[in-house]
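Taken together, the values in this text are just the output of simple stated rules run on the coordinates, not laboratory data. Being a predicted model, the structure only gives us computed values, none of them experimental. Cβ coordinates were reconstructed from backbone atoms using ideal geometry, including for glycine residues, and neighbour counts include every protein chain displayed.
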Amino acid sequence: MTSTPSVTRPLYILEVRTRGLVVEARLNDIPVFTERVGRGRLFQVKCEPYLITGENELRLWLRLPGGSLVDDEARDGDATKVPYCRVRVVRLDTEVTGEEAVAATASTVAAAAILPVANGAAASISAAAATGGPDAPRRDSVLPHDLAAWAWDPQHDPLLPGRSFEAGPWFFSAESRAGRWSWEQASPYRPSSEDPAEIRVLVEKLWRAVSFLDVDVVVHLTREKTRELAVALGVNAGELESDQAGYLSSLFTSPGWMVAPLEQEAIVLEPAAAGRLVDVRTVDGEAPIRGGDGKRFFIIRPMVAKVEGRWRVVR
């Protein structure tokens, strides 16, 4: 009897626990977590879409939010109100067995059945992978171990009003499942060139597609991101794109569907990854494209890169 082949795939997870602080976490100079008003948050994200082959760098910035609320609560001495921030990067080694391991390609190592996708919401993995059907790989996990861990100590690193505190950097080795991402080979952003205008045109095209309920155009404009997320998370790109189209169709045909106006004057273009990525956001740090149907909230906060001479949504 032949034993079932298996492969071991590492899964990297960034976890941030914070409250009462303005926090930004950057992995390889890419913003992967932002809390701008000091809400209590427990945030976890798979690092794979942002990892590069070799040494990876994590940095953190903290500051007090505006006003005196945080200071007053901290002085109260109530442990449930005192600001805090804890961060760690965890590596979880997952053994995958089944036909996907035999092929040794695109093994599903996602820990959950919901993935972030280009529409800013979520889509499910294939039914077999999500429910453990006969074609799904089997996953056996070992206990995770921390590659980086840090907790803010207000006694050692006090925060002064209006000033930021930088923590890190922390370094850990990993391999990119793509070898090299499209944005790693992108042309650097040049704010004094035509780049800002070209990015704004792309964002407006995407907003118009959402406004006119054009699923095909939204899928087309975000295809590079969908393809790379599929590679990063070890899922089938066609299935992920199909799930995305189905979600958009459901949302766009909802009776309560509405889209917020696009405010170009409020858009900020923030370089990341040494200028090879541009984070498109509003001055308040929100997504420039927003909509919903009263029950489901929809956002697109694109990260774009100039690949082969053209700006594309890649994250």
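In what sequence do VAL90, VAL217, VAL201 fall when counting other Cβ within 10 Å, fewest first? If you can, show how the numbers build up before the last one.
Details: VAL90 18, VAL217 15, VAL201 12.
Least crowded to most crowded, the residues run VAL201, VAL217, VAL90.
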Query raised in the report: Can you sort LEU92, LEU51 so the residue with the fewest Cβ neighbours within 10 Å comes first?
Result: LEU92, LEU51
Query raised in the report: Which order, highest average first, do 209-216, 26-33 follow once you tally other Cβ atoms within 10 Å for each residue and take the mean per peptide?
Result: 26-33, 209-216
Report task. Inverting the mean 1/r over all pairs of different Cα atoms, compute the Kirkwood radius of the stretch 147-187 and quote it in Å. Result -> 14.1 Å
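I need the peptides 41-50, 297-306 ranked by packing, meaning the mean over residues of other C-beta atoms within 10 angstrom, with the highest value on top.
Numbers: 41-50: 19.0, 297-306: 21.2.
Output ranking for 41-50, 297-306: 297-306, 41-50.
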Report summary line: Filtered hits (lysines, Cα-Cα < 27 Å from LYS46, offset >= 8 within chain) -> LYS225, LYS295, LYS306
Requested in this report: Net charge near PRO169: determine it from the other residues with C-beta under 13 Å of the C-beta of PRO169, scoring Lys and Arg +1 and Asp and Glu -1.
Outcome: -2
Report summary line: extent check for the stretch 185-313: Cα max minus min per principal axis, descending, whole Å, gives 43, 36, 21
Query raised in the report: In percent, what relative contact order does the stretch 185-313 have, based on Cα pairs under 8 Å that are 6 or more apart in sequence?
Result: 29 percent
Query raised in the report: What full-extension length gain, to one decimal in nm, is calculated for TYR84 and ASP29 as 0.36 nm per residue of separation minus the Cα-Cα distance?
Result: 17.5 nm
Report summary line: If the label point sits 7 Å along Cα→Cβ of LYS295, residues of the stretch 241-276 with amide N under 16 Å come out as 247-258
**Report entry** the stretch 214-267: C-alpha gyration tensor shape, a/c 1.5 cut-off, then a/b vs b/c
**Finding:** oblate
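Among 283-295, 235-247, what's the highest-first ranking by average C-beta atoms within 10 angstrom per residue? Each step should come with its number before you reach the end.
On the way: 283-295: 15.8, 235-247: 17.9.
Descending packing order for the listed peptides: 235-247, 283-295.
Find how much the distance from SER164 to SER192 grows on full extension, using 0.36 nm per residue of separation minus their present alpha carbon separation; answer in nm with one decimal.
My answer for the length gained is 7.3 nm.
Below 9 angstrom from the Cβ of LEU147, what's the summed charge of the other residues (Lys, Arg +1; Asp, Glu -1)? Mind dumping the intermediate values first?
Details: positive: ARG88, ARG91; negative: ASP146.
Its environment carries a net charge of +1.
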